[in-house]
Ligand code: F0G
């Protein structure tokens, strides 16, 4: 008896592609990942199982795999392969053993936000330091299976770092388009080290995306941005893993940063599918937080009732989400509407403060991830999140992705002194202290710090 049949899970039929606007379905997908009829985005749908497994059998199977030495089981994405496209051959899988990320309590942040139960699912603990790896393993495997020699993406830095790593593992070439001077050094250095052909274009992310679409039409390269629905399928697994970690008790709220809006779409799709499979019986409210200067979704909801996209000229120091024309806006709105979540925007100071507070809980994240805590604080003040409700923040990137932001913040170089004082940043800023190389000097500093601790 195989491991699968022993645990009651049968294989699913081959997946199909459905347009999110006109709902036409097809078993073929072009290389632009657009509906041939109306040009909108596609999503992957699964025909019903021939022999549907019991929810309890799936839960047991996935848990059982955590102790397995089989390479696919060691990936926190492929461990959930029953909910991934079945057409990907196991031999083609490109994995860095992604997923399996920790779920941390955030006690200090909970206090400052005014909630009792606050957890962080830290997707920055993936192999290349961001949530992108969970989607990349699936989409890069498809590229390999289809014998592409080149993969490509436009990026604010994390997608490119992740794509370059998976392409290197699969011995494919990778082409990266990033906005010149607008991505962090950490992310740029990853793409270089993993061997990508890295082009810094004199434009923003949205401009890079436009150029890439033209390149993909003219050259045989495989597009690995999140318009590629295989990316979304892999990113779904973070929600399955979260529910496993919560023993399948659904939290009241899940809060996620919004950029190109692939991740919020993926997490929402995961929860819809978990409900269909009988793994959960309710949905959490999924809310999306953006930076004030890159608030296309917030404006789209508030000014156009979610009916038409209001694109913006993006400007924020949270460079990962410096996006003005998000591709997956319709998918994200469906998630907001179906789960009863909301959108909120946060200022640059609010982002920096929240980031330092997450750091003070010993966790740390990059600026774009910290919008979740900054947004939560606002949602609590508005009464949308109640003190007694359980909240999970999705931290999307690692602290070390953008050390320049962190250093400038702690040195007091990010904001004007008056602004910093008015917003209480001084409480969390920790500038390095330059001293003579003498123990007396260090001890005096320690004693001063001790007085601060006692307050
Ligand atoms: N957080 C981080 C750290 C990101 O890198 C991104 C997106 C987001 C949040 C937003 O996620 O786009 O799915 O809504 N980064 C992309 C990139 C755009 O190119 O690395 P989203």
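So the values come out like this:
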| item | result |
| --- | --- |
| Candidate set: segment 387-419, residues that are in a loop (DSSP other than H, G, I, E, B) and surrounded by 14 or more Cβ atoms within 10 Å (Cβ to Cβ); chosen: the one nearest to the ligand (Cβ to nearest atom) | 396 |
| Matching residues in segment 367-386 - criterion: being in contact with a helix residue (DSSP H, G or I) (Cβ under 7 Å, 6 or more places away or on another chain) and either part of a helix (DSSP H, G or I) or within 16 Å of the ligand (Cβ to nearest atom) (or both) | 367, 368, 369, 370, 371, 373, 374, 376, 377, 380 |
| Selected residue [more than 16 Å from the ligand (Cβ to nearest atom) and over 23 Å from residue 99 (Cβ atoms)] from 219, 243 | 219 |
| Selection from segment 323-349 of residues that are assigned to a helix (DSSP H, G or I) and either free of Cβ contacts under 8 Å to residues at least 60 places away in the same chain or within 17 Å of the chain's Cα centre (by Cα) (or both) | 329, 331, 332, 333, 335, 336, 337 |
| Segment 86-106, subset buried (at least 20 other Cβ atoms within 10 Å of the Cβ) and farther than 28 Å from residue 363 by Cα, residue modelled with the lowest pLDDT | 88 |
| Count of segment 239-285 residues which are at positive phi and touching a helix residue (DSSP H, G or I) at 6+ places or on another chain (Cβ under 8 Å) | 3 |
| Residue count, segment 152-172 (criterion: surrounded by fewer than 24 Cβ atoms within 10 Å (Cβ to Cβ) and farther than 14 Å from residue 195 by Cα) | 0 |
| Search result, residues across segment 303-322 that are closer than 22 Å to residue 269 by Cα and either within 11 Å of the ligand (Cβ to nearest atom) or under 15 Å from the mean Cα position of the chain (by Cα) (or both) | 321 |
| Complete set of residues in segment 150-170 that are over 17 Å from residue 31 (Cα atoms), more than 6 Å from the ligand (Cβ to nearest atom) and out of contact with any strand residue (DSSP E or B) (no Cβ under 6 Å at 6 or more places or on another chain) | 161, 162, 165, 166, 168, 169, 170 |
| Residue within segment 198-208 that is at pLDDT 95 or above, within 12 Å of the ligand (Cβ to nearest atom) and in a loop (DSSP other than H, G, I, E, B) present | yes |
| From 110, 56, 67, 37, residue being surrounded by fewer than 20 Cβ atoms within 10 Å (Cβ to Cβ) and in contact with a strand residue (DSSP E or B) (Cβ under 6 Å, 6 or more places away or on another chain) | 110 |
| Residues located in segment 179-214, provided they are more than 25 Å from residue 149 (Cβ to Cβ) and touching a helix residue (DSSP H, G or I) at 6+ places or on another chain (Cβ under 8 Å) | 179, 182, 183, 184, 185, 186, 203 |
| Strands (runs of 3 or more DSSP E) fully within segment 215-304 counting 2 or more residues that are in contact (Cβ under 8 Å) with a residue 12 or more places away in the chain and closer than 30 Å to residue 147 by Cα | 221-223 |
| Of the criteria (1) in contact with a strand residue (DSSP E or B) (Cβ under 7 Å, 6 or more places away or on another chain); (2) more than 17 Å from residue 286 (Cβ to Cβ), which one residue 407 fails | (1) |
| Given (1) more than 14 Å from the ligand (Cβ to nearest atom); (2) farther than 24 Å from residue 234 by Cβ, number of the condition residue 283 does not satisfy | (2) |
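Residue-by-condition table, conditions (1) more than 30 Å from residue 210 (Cα to Cα); (2) crowded, with 19+ Cβ neighbours inside 10 Å; (3) within 14 Å of the ligand (Cβ to nearest atom):
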site	(1), (2), (3)
327	no, yes, yes
339	yes, yes, no
342	no, yes, no
358	yes, yes, yes
365	no, yes, yes
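The values are calculated or read from the model by the stated rules, or taken from the named source; none is laboratory data. Treat the numbers as computed from the prediction; the structure is a model and nothing was measured. Cβ sites come from the backbone with ideal geometry, for glycine too, and all protein chains shown count toward neighbours.
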